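Q: I have a structure I would like to understand better, so I am pasting it below and will then ask my questions one at a time.
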Amino acid sequence: MTTDTETSVAPAPGPRGLAWQRRRSSAARFWRQYRTHRAGVVGLAALVLFALVALTAPLTVGSDVTGVTDAPGNPLEAPSTEFPLGTDRFGRDLLGLVIWGSRVSLLVGLLAAVLSVAIGAVVGITAGHFKGAYATVLMRITDWFLVMPTLVLAIALATVMSRSLGTVILAIGVTSWPTTARLVRAQTLAVESRPYIERAKALGGGHWHVMSRHVLPNVMPLVLAQTTLMISSSVLAEATLAFLGLGDPTVISWGGLLQDAREAGAVSAGDWWYLVPPGIAIAVVALTFTLCGRAVESVLNPRLGVAR
């Protein structure tokens with residue numbers, strides 16, 4: 001007697017499972033295309049290295065590296081085997097200070113960029129969706145911020161507020177969002193002209209539903225690319241504010257080290273080791289985020305909101 005063998009069929013994934021499958025497939029496709037950009041891969045590798053250095057700073061150099069009362073060296077010692085990057089005006093190891101300062105510089109750059117892009121995305125999406133007088137007022141405000149020098153506005157804001165990291169983040173974030181707002185508004189107008197937006201509205205979709213379920217997913221690639229590019233600008237802005245003495249004097253950052261070197265007369269005295277390491281660190285980090293941002297821009301298609 002023969003028996004039929006029953007073949008087990010895996011149950012079909014539900015809507016949430018299908019959504020995760022699409023996300024994993026999209027992420028894998030994005031990574032395959034990102035790897036074809038050599039400059040982006042180099043930038044990503046350097047970014048990972050900087051992140052590891054910043055995260056492991058408490059273990060590698062320790063928080064006591066910032067202390068001035070028990071500095072291990074003499075003031076303004078030239079680079080040597082004991083101090084590879086020399087010492088500052090207090091006798092502190094500059095290598096340890098540069099490593100410790102990466103935590104503040106990267107943190108401020110990241111948070112300021114996220115704040116800037118978040119403001120720009122909200123303004124751009126709402127202005128592109130509601131149109132009319134509301135959009136006109138928002139765009140005129142955006143135009144005003146565009147024509148005003150960002151650094152001057154940030155300096156003015158940092159001057160009237162208390163000197164802290166929160167002030168620096170706020171000063172950079174609220175003065176550098178107009179470019180993102182313009183880009184996101186243009187993308188929102190393109191998305192809202194598509195037929196499925198009209199169908200969603202005809203089926204009863206409200207403003208929040210349209211903006212959160214249809215517009216936002218389509219502008220996210222643009223927002224991601226803009227965030228990556230804004231981090232480099234935010235790191236440079238933080239260094240500029242700290243160099244001008246508007247940063248938090250109680251923390252160590254790369255811009256703060258440059259400001260200390262200026263006050264110590266390192267430029268006129270020829271103490272190059274006091275200026276070069278933090279300056280190179282700022283330039284390399286800004287270049288790293290720029291390379292990553294350009295690679296992300298070339299992989300993602302903001303007009304369609306999908307990966308190429």
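Q: For the structure I just gave you, tell me whether Gly166 is without any contact (Cβ under 8 Å) to a residue 12 or more places away in the chain and under 30 Å from Leu246 (Cα atoms). Reasoning before the result, please.
A: On the way: without any contact (Cβ under 8 Å) to a residue 12 or more places away in the chain: yes; under 30 Å from Leu246 (Cα atoms): yes.
Against the criterion (without any contact (Cβ under 8 Å) to a residue 12 or more places away in the chain and under 30 Å from Leu246 (Cα atoms)), Gly166 qualifies.
Q: With respect to the numbered conditions (1) within 17 Å of Leu151 (Cβ to Cβ); (2) open to solvent by 20 Å² or more (accessible area, probe 1.4 Å); (3) in contact with a Gly (Cβ under 9 Å, 6 or more places away or on another chain), which one is the sole condition not fulfilled by Ala242?
A: (2)
Q: Now, a different point. Would you check which residues across segment 252-262 are open to solvent by 20 Å² or more (accessible area, probe 1.4 Å) and over 20 Å from the mean Cα position of the chain (by Cα) and list them?
A: The answer is Leu258, Gln259, Asp260, Arg262.
Q: I'd like to check something: does segment 72-92 contain any residue that is open to solvent by 30 Å² or more (accessible area, probe 1.4 Å) and part of a helix (DSSP H, G or I)? If you could, list the steps in order and put the result at the bottom.
A: Step one: list which residues in segment 72-92 are open to solvent by 30 Å² or more (accessible area, probe 1.4 Å), which gives 72, 74-82, 84-85, 89-90.
Now drop any that are not part of a helix (DSSP H, G or I), which leaves none.
No: zero hits.
Q: Of the residues that make up segment 206-223, is at least one on the phi > 0 side of the Ramachandran plot, open to solvent by 40 Å² or more (accessible area, probe 1.4 Å) and more than 24 Å from the chain's Cα centre (by Cα)?
A: Checked against the condition, which is being on the phi > 0 side of the Ramachandran plot, open to solvent by 40 Å² or more (accessible area, probe 1.4 Å) and more than 24 Å from the chain's Cα centre (by Cα), segment 206-223 yields no hits at all.
Q: I've got another one for you. In segment 175-193, what residues are in a helix (DSSP H, G or I) and surrounded by fewer than 19 Cβ atoms within 10 Å (Cβ to Cβ)? Walk me through how you get there before you give the answer.
A: First pass over segment 175-193, keeping only residues in a helix (DSSP H, G or I): 178-192.
Once the filter is applied, which keeps residues that are in a helix (DSSP H, G or I) and surrounded by fewer than 19 Cβ atoms within 10 Å (Cβ to Cβ), segment 175-193 yields Arg182, Ala186, Leu189, Ala190.
Q: When you go through Val98, Val104, Val42 one by one, which is the residue that is under 14 Å from Val285 (Cα atoms), open to solvent by 50 Å² or more (accessible area, probe 1.4 Å) and not aromatic (Phe, Trp, Tyr)? I'd like the intermediate steps shown before the answer.
A: Values: Val98 fails: open to solvent by 50 Å² or more (accessible area, probe 1.4 Å); Val104 fails: open to solvent by 50 Å² or more (accessible area, probe 1.4 Å).
Going through Val98, Val104, Val42 in turn, just one is under 14 Å from Val285 (Cα atoms), open to solvent by 50 Å² or more (accessible area, probe 1.4 Å) and not aromatic (Phe, Trp, Tyr): Val42.
Q: Let me ask you something else. Taking into account only those residues within segment 153-168 that are closer than 19 Å to Leu107 by Cβ and among the polar types (S, T, N, Q), which is least open to solvent (accessible area, probe 1.4 Å)?
A: Selected residue: Thr167.
Q: On to the next question. I need the full set of residues from segment 33-85 which are among the small types (Gly, Ala, Ser), farther than 18 Å from Arg103 by Cα and free of Cβ contacts under 8 Å to residues at least 12 places away in the same chain, in order please.
A: Within segment 33-85, the first condition is being among the small types (Gly, Ala, Ser), and the residues that meet it are 39-40, 43, 45-46, 51, 54, 57, 62-63, 67, 71, 73, 78, 80.
Now narrow it down to the ones that are farther than 18 Å from Arg103 by Cα: 39-40, 43, 71, 73, 78, 80.
Passing the criteria: only Ser80.
The values are calculated or read from the model by the stated rules, or taken from the named source; none is laboratory data. Source: prediction; values computed, not measured. Neighbour counts are summed over all protein chains in view; Cβ atoms, including those assigned to glycine, are modelled from backbone coordinates with ideal geometry. Just so you know, the surface numbers come from the protein's heavy atoms only, side chains and all, with ligands and any DNA or RNA stripped out. Shrake-Rupley method; radii C 1.70, N 1.55, O 1.52, S 1.80 Å.
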